[in-house]
Amino acid sequence: MMNFKLTQMPDRLEKPRQNGITMVMDKGLSIEDAKNFLSVAHPHVDVVKLGFGTSFVTPNLREKIEVYQSYGLPVYFGGTLFEAFLIRNQFEDYIAICKDYGITHIEVSDGSITIPHAEKCGYIEKLTKHATVLSEVGSKDAAHIIPPYKWIELMSAELNAGATYVIAEAREAGNVGIYRGSGEVREGLVQEILTQIPAEKILWEAPQKAQQLYFIELIGCNVNLGNIAPSEVIAMEAMRVGLRGDTFHLFLDKDTAK
C-alpha cells in the first residue's frame, strides 16, 4: 500500500500477515467513526480489540462488529470482559456470546482477577477449539512487579497451551507491565523475554509513540504492536517504514545516508 516508489524501504510484510501486526484498540468509536477510520487505515490494521468491557455497553454492537468484519478484520473483546464472565462462573456463556457475534479471536487474561496458572492454561486449551487465542501476561496492578524469569515461564506455558500470541500487558495508558509508571520501557525485562520467547509470538501493547519507536528500533518494522489508537495507525505505519523523523535513518544504507 504505497503511493510512490522509494528505494531503501524496509521489507514490510503484506496482509494477511502473522507477523508485523497492528492491533487497534477501539474504546467506543461510533459506527460512522469506525467506517471513517477504516476508509483510510484498513490496509494497516490486522485486528481490532473492543477495549476492556466496552462491548457490554456499546449500542448496535453487532452492526459495529460487522463493519470491521466486512473489511476482513477479526474483532475481539477485551480481556477484562472475559474476566468479568469468568468471575461470575459464566465461562460457557462467554463462548456462546463469541459464537453468536461471529468472534473468531478471544483474549484470555488475568489482569484483574487471580486465576491459578494451570487453570488459565486450561481455559486457553479449551478456547483454541473455538477461536484464535491471544493470552495476556502481566498485571494491571502497578505494584505487582513480575520478575523476568516468571514472564518467560508464563508466556512459554501459554504458548504451549495453544495461544497464537502472548500479549505483553501495558494497559491502555501504557504505564504498567512491561513499562514503568512513567511509560518508560523496562528494557532489561523486554530483552530477557526475547532471549526465550520468539518475537513473532509476542504482541507488545504500545499505546505511546516512544514505546512504538523503542520496539521498531529493537525488533524491526515487522514487530507486533497493540493498543494502538485508531487516529495513530497511519502515523505509526509511517514510523514503521522509516518515514517519520524518529525512524528516518533506521533503514537507509549507511553509505547513501547524507
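The values are calculated or read from the model by the stated rules, or taken from the named source; none is laboratory data. What you see is a predicted model, and the numbers here were worked out from it, not measured in a lab. Please note: Cβ atoms are built from the backbone with ideal geometry, for glycine as well, and neighbour counts cover all protein chains shown.
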- Give Lys49, Lys15, Lys27 a once-over and let me know the one that is surrounded by 12 or more Cβ atoms within 10 Å (Cβ to Cβ), farther than 30 Å from His144 by Cβ, in contact (Cβ under 8 Å) with a residue 24 or more places away in the chain and among the basic types (Lys, Arg). Lys15
- If we keep just the residues of the range 198-221 that are touching a strand residue (DSSP E or B) at 6+ places or on another chain (Cβ under 7 Å) and not aromatic (Phe, Trp, Tyr), which is nearest to Leu159 (Cα to Cα)? Lys201
- Item | Selection count where residues are closer than 22 Å to Val233 by Cβ, surrounded by fewer than 19 Cβ atoms within 10 Å (Cβ to Cβ) and among the small types (Gly, Ala, Ser), scope the range 52-91 | 2
- Residue count, the range 114-128, condition touching a Leu at 6+ places or on another chain (Cβ under 8 Å) and either under 18 Å from Ile193 (Cβ atoms) or exposed (fewer than 14 other Cβ atoms within 10 Å of the Cβ) (or both), comes to 1
- Task: Would you check which residues across the range 79-132 are over 19 Å from Met23 (Cα atoms) and among the aliphatic types (A, V, I, L, M) and list them?
- Result: Ala84, Leu86, Ile87, Ile95, Ala96, Ile97, Ile113, Ile115, Ala118, Ile124, Leu127
- Quick one: how many residues across the range 242-258 are within 22 Å of Val40 (Cβ to Cβ) and surrounded by fewer than 19 Cβ atoms within 10 Å (Cβ to Cβ)? 4
- (1) under 29 Å from Val190 (Cα atoms); (2) of a type in the set (A, V, I, L, M); (3) crowded, with 21+ Cβ neighbours inside 10 Å all hold for Ala131 apart from (3)
- Message: Cβ-Cβ distance below 6 Å, separation of 6 or more or different chains: which pairs start in the range 132-147 with a residue that is modelled with pLDDT of 80 or more and end on one that is among the acidic types (Asp, Glu) and assigned to a loop (DSSP other than H, G, I, E, B)?
- Response: Glu136/Glu169; Gly138/Glu169
- Message: Going by what's in this entry, would Gly162 be described as of a type outside the set (D, E, K, R), over 15 Å from the mean Cα position of the chain (by Cα) and under 25 Å from Gly53 (Cβ atoms)?
- Response: yes
- Item | Hits in the range 141-169 (condition: among the charged types (D, E, K, R), surrounded by fewer than 23 Cβ atoms within 10 Å (Cβ to Cβ) and not in a loop (DSSP other than H, G, I, E, B)) | Lys150, Glu153
- Query: Looking only at the range 97-115, which residues are within 15 Å of Phe56 (Cβ to Cβ) and over 21 Å from the mean Cα position of the chain (by Cα)?
  - Reply: Ile97, Asp100
- Task: Output the number of residues of the range 170-195 satisfying the condition of being assigned to a helix (DSSP H, G or I) and in contact (Cβ under 8 Å) with a residue 60 or more places away in the chain.
- Result: 0
- Examine the range 212-219 for a residue that is assigned to a helix (DSSP H, G or I), over 20 Å from Val24 (Cα atoms) and touching an Asp or Glu at 6+ places or on another chain (Cβ under 8 Å), and state whether such a residue exists. no
